[in-house]
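What follows is a short report on a single structure.
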Amino acid sequence: MAGCRPGSTNGILLPDKPREECGVFGIYAPGHDVTRLTYYGLYALQHRGQESAGIAVADGKKVQLYKGMGLVSEVFSGDQLNNLRGHIAIGHVRYSTTGASHPVNAQPLLFRYAGGMLGLAHNGNLTNVTELRSRLMATGSVFQSSTDSEVIVNIIARSAQNGLEDALVKCMIDIKGAYSLVIITENKLIAVRDPHGFRPLCLGTLGEGYVVASESCALDTVGAGLIRDVQPGEIVVMDENGLESIQVLKPRKRAHCIFEYIYFARPDSFIDGFNVNMVRREMGRVLAGEYPVDADIVIPVPDSGTAAARGFAEASGIPFEEGLMKNRYIGRTFIQPSQEMRDLGVRLKLNSVREVLNGKRVVMVDDSIVRGTTSGKIVAMLRDCGVKEVHMCLSSPPITRSCYYGIDTSNEDELIAARLSLEEICRSIGADGLYYLSLDGLLNIFGNSRDNFCTACFDGNYPVEVAKPKETGKYSLE
Ligand code: SF4
């Protein structure tokens, strides 16, 4: 196999995906090396955030914290892990969806309050953070970071006179939006999920202990068994008395982020009862049924389009081929979220395989197009390899709205599907055909659970209110 001719457009590509949010992990397991298990759990969740990583560990008397900027493997050395000792731990990997990319915003956050020490790691975005922060500051609160997670900590600390669980209940009544939290005190691990269940959070067992994580792949990695998902509106407390579940808020209409299945989550994870890989494969099958295309081969844009491309090939009978090769050692190029770094440093390297592609009519499957900055380059690469026709198939509906619940989908005016018609997008990327999976087709994959999802970035139905569009056409947070 060989790539296209030297000097062709193969190689340097800008990434064009929504940015993952954060990953959280927590463990209560006396007798186990909880620090190292958390380290491995964070490794399994690294795809959810690569800017910073941190671990807080409790031994019954105190909570210790170590965190820093970079990948899990860069932040922690053996010495740092050896110095964190205890039987309870929480961990966090972060990509900044609120708050700048700065060490002070790395998590877990650790505070001392009237009840002792409290560490917190958060996945999601609050939608009423501006109002809450102003209210807290007006009554004397000070903030070290620009994250909404610190607002949560402040609210908890102010309501803690009747105990932490009571404070959490009050906090959940106050805060709106998306939050999956893991909280550590000197002697407890607590997991909390917002009443809509936007972001995933699952619960497992490890011997006599417990593990919680954003995705079940982290449970698998540390040898824990999955019990169930933390329910929307539920608090789970794990300590020497075992596990206590408190259904604090009535679950509202569920709004699990459907993009977890389309792109974010690891394919081996189970989220809210569905295996991510199987859902992606089914997306490809449904897409093939919606758009019968006459073509010679189906190729994925690796790796995000691979499962759906297999499903498309199975349903259509068109052979699956690997026509694009990905350089697997470019993880760090995803770290910097600033626009400058996206344009200059964030390059996704792909190479095309002439022997597979030359003279073929190709169905190319990817999960989504966000700003439309890479698809045209990939199509041009295929043309350079002698491809006769390129039919671009996406396993998601067009992204036309911004997300306010913990995903960086870009501003609305940057989203190509919000600006251009289907025909215009097809022309702008130079494809012979462009097909998006329908929203109905996507939701039908989930059968009786089809109403349990947030689909706001496709249809503008925001499950938790965000401020109305301003004259700019953008939505903004309260
Ligand atoms: Fe997920 Fe889109 Fe809803 Fe955001 S708006 S939570 S990305 S489905």
Checklist entry - When the residues of region 169-193 are filtered to those that are β-branched (Val, Ile, Thr) and closer than 14 Å to Gly115 by Cβ, which remaining residue is surrounded by the most Cβ atoms within 10 Å (Cβ to Cβ)? => result Ile184
Checklist entry - Considering region 226-245 alone, what residues qualify as being within 16 Å of the ligand (Cβ to nearest atom) and at positive phi? => result none
Item to check | From the options Val286, Val248, residue that is in the same structural domain as Asn327 (by TED's automatic domain parsing), in contact (Cβ under 8 Å) with a residue 24 or more places away in the chain, β-branched (Val, Ile, Thr) and away from the ligand (no atom under 16 Å from the Cβ) | outcome: Val286
Checklist entry - Taking Ala313 and the conditions (1) in contact (Cβ under 8 Å) with a residue 40 or more places away in the chain; (2) in a helix (DSSP H, G or I), which numbered condition does it fall short on, given that it satisfies the others? => result (1)
Checklist entry - Is it the case that region 44-65 has a residue that's in a helix (DSSP H, G or I), touching a residue at least 40 places away in the same chain (Cβ under 8 Å), polar (S, T, N, Q) and within 24 Å of Glu150 (Cα to Cα)? => result yes
Checklist entry - Can you tell me which residues in region 218-257 are buried (at least 22 other Cβ atoms within 10 Å of the Cβ) and in contact with a helix residue (DSSP H, G or I) (Cβ under 6 Å, 6 or more places away or on another chain)? => result Ala218, Val222, Ile235
Checklist entry - If only one of Gly204, Gly223, Gly197 is touching a Ser or Thr at 6+ places or on another chain (Cβ under 9 Å) and on the phi > 0 side of the Ramachandran plot, which one is it? => result Gly197
Checklist outcome for this item: Of those in region 38-49 that are surrounded by 24 or more Cβ atoms within 10 Å (Cβ to Cβ) and not hydroxyl-bearing (Ser, Thr, Tyr), the residue farthest from Gly207 (Cα to Cα) is Gly49
Item to check | In region 251-279, the residues that are touching a residue at least 60 places away in the same chain (Cβ under 8 Å), more than 15 Å from Ala44 (Cβ to Cβ) and in a strand (DSSP E or B) | outcome: His256, Cys257, Phe274
Checklist entry - Which of the residues spanning region 133-188 are touching a strand residue (DSSP E or B) at 6+ places or on another chain (Cβ under 9 Å), in a helix (DSSP H, G or I) and over 16 Å from Gln247 (Cα atoms)? => result Asp148, Ser149, Glu150, Val151, Ile152, Val153, Asn154, Ile156, Ala157, Arg158, Ala160
Next on the checklist: Residue under question is Ile271, and the condition is that it be within 16 Å of Ser395 (Cα to Cα) and within 16 Å of the ligand (Cβ to nearest atom); does it hold?
Outcome noted: no
Item to check | Output for region 362-409, where each listed residue is under 21 Å from Gly311 (Cα atoms), part of a strand (DSSP E or B) and within 16 Å of the ligand (Cβ to nearest atom) | outcome: Leu394
Checklist entry - From the residues in region 432-478 that are at pLDDT below 95 and of a type in the set (Val, Ile, Thr), which one is farthest from the ligand (Cβ to nearest atom)? => result Thr472
Next on the checklist: Every residue in region 121-168 that is touching a residue at least 24 places away in the same chain (Cβ under 8 Å), of a type in the set (D, E, K, R) and surrounded by fewer than 19 Cβ atoms within 10 Å (Cβ to Cβ), please.
Outcome noted: Glu131, Glu165
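The values are calculated or read from the model by the stated rules, or taken from the named source; none is laboratory data. In this text the structure is predicted, and so the values were computed from the model without any measurement. For neighbour counting, all protein chains shown are included, and Cβ atoms are generated from backbone atoms with ideal geometry for every residue, glycine included.
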